[in-house]
Amino acid sequence: MNKMMIKVVLVVSLLALITAGCGGSAGGKELVLADCGWDSIKFHNAVAGLIAEEIFGYTWSEIPGTTAVLHEGLLKGEIDAYMEIWTDNIPVYEGDLAAGKFQELGVNFDDNYQGFYVPRYVIEGDPERGIEASAPDLKYVWDLKDYPHVFPDDENPDKGRVYGAIPGWEIDEIMHRKYLHYGLDENFVYFRPGSDPALSAAITAAYEKGDPIVAYYWEPTWLLGMYDMILLEDEPYDKDIFFDGKCMPPPMRVTVCASNNFADQEENKDFIEFLSRYRTSSALTSEALAYMQETGTDDYVEVARWFLAKHDELLDAWLNPEDAETLRSLLGK
């Protein structure tokens, strides 16, 4: 995206924010959060926004946009806080941080993984569902070569099927190179689903029926929060061979950041301290997203309330004792 387009999107987003803010309380503290559009950042925004409102007296809102646009907004002070920055996806992140253009407050989670997954029952079986292990010695990606018959392709049953990532994603090209590197093309078809919903639907359909499936997926997601899946192992991550598909993808530091303008204001000191303590995990995030999927709710604040009530131990890690007890009371704990 060129600089002119970034400026246009930021101006439009800022005008929308100003218009929305006209109905808020005059003179109150305001918090503007980055919204890249995916479920996990919306969830973390709701958690931070709920606490900002109930404990620290802010009104809060979100500005939607692409990763590049919202990063630029953070540098310009038009975004106050960014709850989930996937650092390796922003080429200028480290340079801008070193130059002091924004402030990294902490790590939200760094245990996020991606790669080829299979349901646990494929390897270990599931006596409660009457499923026997169909690939008991499957552990590494290259072990798949021994099990094409376990994962038959719908259109070519003489070969197995491995589901790749979404066409156009960089990781899809990496996973396809992995497929070739380990010689899986000899007895497997690399099948590219057309979209994330198509991929998740294929995994869901197989899991609900107890059928074997091997597919690319990533954490945190509702699907891996809902289903018991095992990530197939690979060679340890090595940046020199990663893009050739010859090793594990690395877990990424997903950080919480704030603009200099917001972080340096004295009135935001206590809230910045909270954001500096904010830490979750890929598993906790996936659990919250699975709750959304299971209940069918699209209210992220409702999910945030459920999450904080269930994991109220996080309140002691994030807040001082008085504020933690205040929030517990508000949550009905």
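Computed from the coordinates by the stated procedures, all read-outs in this text should not be read as laboratory data. These numbers were taken from a predicted model, which means no experiment stands behind them. We place every Cβ from the backbone using ideal geometry, glycine too, and count neighbours over all the protein chains shown.
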Original post:
Listed highest first by mean packing, meaning other Cβ atoms within 10 Å per residue, what order do 116-129, 39-52 come in?
Top reply: 39-52, 116-129
**OP:** Specify the angular offset, from 0 to 90 degrees and rounded to the nearest 10, of the alpha carbon long axis of helix 282-295 from the longest principal axis of the alpha carbons in the chain.
**Re:** 90
**OP:** Quick one: which residues, 5+ away or cross-chain, put their amide H under 5 Å from the amide H of Glu233? H built at 1.01 Å from N.
**Re:** Tyr140, Val141
Original post:
Kirkwood Rh, Cα Rg: Rg to Rh for the chain?
Top reply: 1.01
Subject >> In order through segment 262-267: 3J(HN,Hα) via Karplus (6.51 cos²θ - 1.76 cosθ + 1.60), integer Hz, x for Gly, Pro >> reply: 6, 5, 8, 7, 4, 5
**OP:** Compute the acute angle (0 to 90°) between the alpha-carbon long axis of helix 300-310 and the principal axis of greatest extent of the alpha-carbon atoms of the chain; round to the nearest 10°.
**Re:** 80
Subject >> Cα gyration tensor shape for segment 122-184, rounded if a/c is under 1.5, else prolate or oblate >> reply: prolate
**OP:** Going by C-beta contacts inside 10 Å, put Glu84, Glu53 in order with the fewest on the left.
**Re:** Glu53, Glu84
**OP:** Order by neighbour count: Met248, Met83, fewest other Cβ atoms within 10 Å first, most last.
**Re:** Met248, Met83
Original post:
For Asp264 and Glu54, what does the FRET efficiency come to when R0 = 30 Å and r is the distance between their Cβ atoms, rounded to the nearest 0.05?
Top reply: 0.80
Original post:
Residue separation times 0.36 nm, minus the C-alpha to C-alpha distance between Leu97 and Asp143: what's the value?
Top reply: 12.4 nm
Subject >> Residue-wise HN-Hα coupling along segment 225-233, computed from phi with Karplus coefficients 6.51, -1.76, 1.60 (Hz; x: Gly, Pro) >> reply: x, 8, 10, 8, 10, 10, 7, 5, 7
**OP:** Find, to one decimal place in angstroms, the Kirkwood hydrodynamic radius of segment 52-121, where the mean of 1/r is taken over every pair of different Cα atoms and then inverted.
**Re:** 14.6
Original post:
So, counting K/R as plus one and D/E as minus one, what does the shell of residues with Cβ under 13 Å around Tyr207 add up to?
Top reply: -1
**OP:** Give the long-range amide H neighbours of Lys29: residues separated by 5 or more places, or on another chain, with amide H under 5 Å away, using H modelled in the peptide plane at 1.01 Å from N.
**Re:** Thr59
**OP:** Return the percentage of antiparallel bridges among DSSP beta bridges fully within segment 114-244, rounded to the nearest 5 %.
**Re:** 60
Original post:
Based on the Kirkwood radius over alpha-carbon pairs, what is the Stokes-Einstein translational diffusion coefficient of segment 114-244 at 20 °C with 1.002 mPa s viscosity, in µm²/s?
Top reply: 144
Original post:
What residues qualify as long-range amide H neighbours of Asp153, i.e. H under 5 Å apart, gap of 5 or more or another chain, H built at 1.01 Å from N?
Top reply: Lys159, Gly160, Arg161
Subject >> Between 0 and 90°, nearest 10: helix 321-330 axis offset from the chain longest Cα axis >> reply: 80
Original post:
Hey, if you put +1 on the Cβ of every Lys and Arg and -1 on every Asp and Glu Cβ in the chain, which of Pro91, Pro157, Leu319 ends up farthest toward the positive end of that dipole?
Top reply: Pro91
Subject >> Dipole-positive endmost among Thr59, Val254, Val69 within the chain (Cβ charges, Cα centre) >> reply: Val69
